[in-house]
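In what follows, a structure is listed as structure tokens, so that the remarks can point back to it.
The values are calculated or read from the model by the stated rules, or taken from the named source; none is laboratory data. Here the structure is a predicted model, which means the values were calculated and not measured. A quick note on method: Cβ atoms are made from the backbone with ideal geometry, for glycine too, and the neighbour counts reach across all protein chains shown.
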Ligand SMILES: [Ca+2]
Ligand SMILES: [Ca+2]
Ligand SMILES: [Ca+2]
């Protein structure tokens, strides 16, 4: 019985340890360089718990060459039921060509080396730096930078809700951007791990009493 429980619990614990899933909003995809003109095509996709209000949060662009802030975008609205909120760039008339746009703002993030930071009232929630940073350049992401996507490509998390705080591991280049859709890492309910561990602890106590 003890071994059976261990067989069920251990993979759950290992999976949870290896693949952190965070409830806070994360930057799940960035598209900063269209094949043609960028206006109306650039976007940032944010993953979070459905219903999370985004007011008070900002997206910042950080220039890799000197660390200056190129944009500060005040967010508003709430994360929709599918967990993916798309901040899309204005093509000049208040609308955007980005599919599934949830919020349209005027912005265009730069090609790498640069960073995009998601900031809450208490500090940085998530950050992605991309490109090759030379000596003296400013990386404002996490861990090591992600690759620099070529024109027409996007930079996306392998799983929208998987964040190891290491941009090079978490992000890959997509040949075709996916605003508003993303693979999610499915994990067992957190409660099942707690139940497993409680069961193991109970059996250990029972084992000592009868042993
Ligand atoms: Ca751009
Ligand atoms: Ca992170
Ligand atoms: Ca996506």
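Some observations on this one:
- Criterion violated by residue 141 - all others in (1) farther than 23 Å from residue 89 by Cα; (2) more than 13 Å from ligand 3 (Cβ to nearest atom); (3) surrounded by 17 or more Cβ atoms within 10 Å (Cβ to Cβ) satisfied: (1)
- Of all the numbered requirements in (1) under 18 Å from residue 70 (Cβ atoms); (2) away from ligand 2 (no atom under 12 Å from the Cβ); (3) out of contact with any helix residue (DSSP H, G or I) (no Cβ under 9 Å at 6 or more places or on another chain), residue 118 misses one, and that requirement is (2).
- Taking the criterion of being in contact (Cβ under 8 Å) with a residue 40 or more places away in the chain, closer than 12 Å to residue 102 by Cβ and assigned to a loop (DSSP other than H, G, I, E, B), the residues of the stretch 67-84 that qualify are 79, 82, 83.
- Qualifying residue in the stretch 52-66 (condition: within 20 Å of residue 159 (Cα to Cα), in contact (Cβ under 8 Å) with a residue 12 or more places away in the chain and in a loop (DSSP other than H, G, I, E, B)): yes
- Top-ranked residue of the stretch 158-211 - restricted to ones that are modelled with pLDDT of 60 or more and loosely packed, with under 11 Cβ neighbours inside 10 Å, ranked as farthest from residue 44 (Cα to Cα): 186
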